[in-house]
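Single-structure report; data block below.
The values are calculated or read from the model by the stated rules, or taken from the named source; none is laboratory data. Quick caveat: nothing in here was measured; it's all calculated off a predicted structure. Neighbour counts run over all protein chains shown; Cβ positions are idealised from the backbone, glycine included.
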Amino acid sequence: MAGTARLAGLFAVIVLVAAWVAAVSPAPVLAQSSGLDERVRAIASRLRCPVCQNESVADSPSELAAQMRALIRTKLEQGESPEAVVAYFASRYGEWILLDPPRKGLGWILWTAPAVVLVVGLAAAVGFIRRRVRSASTEASAQEDWDR
């Protein structure tokens with residue numbers, strides 16, 4: 001009889017602990033499609049976290065980023081397209097929120113400036129080398145004329 005009472009008490013404790021763990025778990029256990037999770041992650045990695053420095057919403061541990069990920073999930077579940085979700089955040093925070101700046105207006109400067117600097121630098125280097133070669137060959141020919 002005492003063994004049965006202990007077994008029933010142990011079972012009750014296990015059930016209570018399991019119920020408590022389920023109640024206080026940070027994320028509810030829901031049957032969610034991994035496809036939705038991947039879409040949320042893809043959109044969140046395109047957005048800059050307003051709290052963290054140059055970290056995406058997908059990678060940020062901040063509470064605001066978690067709220068933004070939840071909002072992205074809700075909007076996708078409501079049937080909004082990824083572009084509409086990104087546009088929603090851009091309208092709220094401005095284009096600063098986008099990790100990939102748009103290729104329009106002043107954004108073109110951000111995209112073309114590295115290539116322009118590279119081309120100008122290469123042209124300057126080639127010009128410098130040509131001048132040095134010409135100068136060296138002119139000095140060599142002048143030295144030859146002097147030696148004669």
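Scan segment 110-131 and tell me whether some residue there is outside any helix (DSSP H, G or I), at pLDDT below 90 and at negative phi. Taking every residue of segment 110-131 in turn, none turns out to be outside any helix (DSSP H, G or I), at pLDDT below 90 and at negative phi. If you check ARG92 against the conditions, is it loosely packed, with under 12 Cβ neighbours inside 10 Å, at pLDDT below 90 and charged (D, E, K, R)? No, not satisfied. Going by what's in this entry, would ALA58 be described as hydrophobic (A, V, I, L, M, F, W, C), in a loop (DSSP other than H, G, I, E, B) and modelled with pLDDT of 90 or more? Considered against the rule, which asks whether it is hydrophobic (A, V, I, L, M, F, W, C), in a loop (DSSP other than H, G, I, E, B) and modelled with pLDDT of 90 or more, ALA58 comes out as yes. Criterion applied to ALA123, ALA115 was being of a type in the set (Gly, Ala, Ser), free of Cβ contacts under 8 Å to residues at least 24 places away in the same chain and surrounded by 10 or more Cβ atoms within 10 Å (Cβ to Cβ), and the one residue passing it is ALA123. Of the residues that make up segment 38-46, is at least one in a loop (DSSP other than H, G, I, E, B), of a type in the set (Asp, Glu) and modelled with pLDDT under 95? No: zero hits.
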